[in-house]
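Report on one structure; see the data block that follows.
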Amino acid sequence: MDETDYMQNITIQYCFPYINSSCRKEVRTGPGNLFLFVFLSCVSVFTVFLNLLVIISISHFKQLHTPTNLLVLSLAVADLLVGLFVMPVNVIGFIDSCWYFGKIGCSIFPLITFISMSASLCSLIFIAVDQYIAVCDPLLYSTRVTVCKTSLLIILGWSLCLLYVTMYLYFNDHLFQSQIFTRCDGECVLVQKYSWVMIDLVFSFLTPCSIILVMYAIIFNVARRQARAVRAVVNAASHKLGVKVSSSSDTKAAKKIGTVIFVYLACWIPFYVTSLSVKNVSSLSIVWTVFGWLQLINSSVNPLMYAIFYSWFRASTTYIITGRIFENSSSRFNLFPENF
């Protein structure tokens, strides 16, 4: 769609027709915008549905009450907030430029947005560290990582995210209603100062990115060495028996870790690269909106990578969909039949 067609698909109206100070409303019409509206709405529903399945599974089945799954649960809760609150409001903002939730909503919405996305990112870091300990120090894992310690770590992580987001919004003049400046009724614009964009770049991208990359690089190298050792033993045994046995565990580990890193970088790099190109970045920028949606879509992909490919998730989903979760003893169902 070129610029002429785009302008023809915008109808100028007013957010609040009976208020003199109402902002002008840009309603995006046309098949292209309709398709994007339906697609983004489906992404929102998909995100809520998947993360709800993860939350119900880990919360209900006692077999899943492990430190690692608690971190996955924390990630799912953060991503659920993104799909339940952040995505729908952004979908409305995409098709209709007006803000209908008042100054209170304009103050609360960025708070929910940044907390949920920060907590999601924090959970990704905790999961990487947890996997690092499990792979590199498996004998001491059960003593170093417990449900109690993990719960306290999750509470600490969410508290730090709340503190950081509160400071971020306060110094960007968007925390209290008295700080919010609007030119007309129906407008909610968050203008982020360049100095805080740089600070956010360090705390919300460079630092998490470095930790995740280093952790998974070490995990991959250790897993590859372990796979080679196991393969050597298996090959030696198979040689004696005259049977050829092949192993691709290191290849599977490389694909899984590579997927995690690629998706994470693909969703977060464009947003921060764009934020460095201007001195003041408005939340109404089209480019900012597009790359912001990439970050949001990361919350849709997280449950796919960290839960849906595991056998326990498929088993628990079957119990939930078929209604067997309502049976009296359902919380003690075995989700790992291969262990018996």
Equivalent ellipsoid semi-axes - Cα gyration tensor, region 1-141, angstrom: 41, 17, 13
Using a Förster distance of 22 Å, the FRET efficiency for LEU156-VAL273 (Cβ separation, nearest 0.05): 0.10
Sequence-distant or interchain residues sharing an amide H contact under 5 Å with TYR14, placed H: which? LYS25
Would you please state which residues of region 123-154 a label at PHE336 would reach in this model, taking the label point 7 Å out along Cα→Cβ and a backbone N cut-off of under 20 Å? 127-151
Restricting to Cα atoms and excluding each atom paired with itself, what does the Kirkwood estimate give for region 75-182 in Å? 15.9
Take every Cα-Cα distance within region 168-235, group them into 5 Å bins from 0 onward, and report for each bin the whole-number percent of pairs it holds. 3, 14, 12, 11, 10, 8, 8, 7, 6, 5, 5, 4, 3, 2, 1
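Read the figures in this text as sums done on the coordinates, not as results from a lab. Because the structure is predicted, anything quoted here is derived from the model rather than measured. Note that each Cβ is placed from the backbone with ideal geometry, even for glycine, and that neighbours are counted across all protein chains shown.
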